[in-house]
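Shown next, in structure tokens, is the structure this report addresses.
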Amino acid sequence: PNMSRRLLECRGVEIIHNKLIHKQYGIMALAPGLMKENHFNTIRDMTNKRIDMERC
């Protein structure tokens, strides 16, 4: 079943909690929007392509 687009969850830039701690990595949105499954697949594929397996 398809979910309704809850546009109230699309907010602007986070001003307070915008720093990563504990040597994490993440994605920072520059504008509010919705991501689909193929967007996550593209990000995963591009990230995996650039990982240096000798350093892992």
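Side notes on the structure shown:
- Residue in segment 9-28 that is at pLDDT 80 or above and among the hydroxyl-bearing types (Ser, Thr, Tyr) present: no
- Those residues of segment 7-45 which are surrounded by 10 or more Cβ atoms within 10 Å (Cβ to Cβ), not in a loop (DSSP other than H, G, I, E, B) and not charged (D, E, K, R), in sequence order: 39, 40, 41, 42, 43
The values are calculated or read from the model by the stated rules, or taken from the named source; none is laboratory data. Nothing here was measured: the structure is a model prediction, and the numbers come from that model. Neighbour counts run over all protein chains shown; Cβ positions are idealised from the backbone, glycine included.
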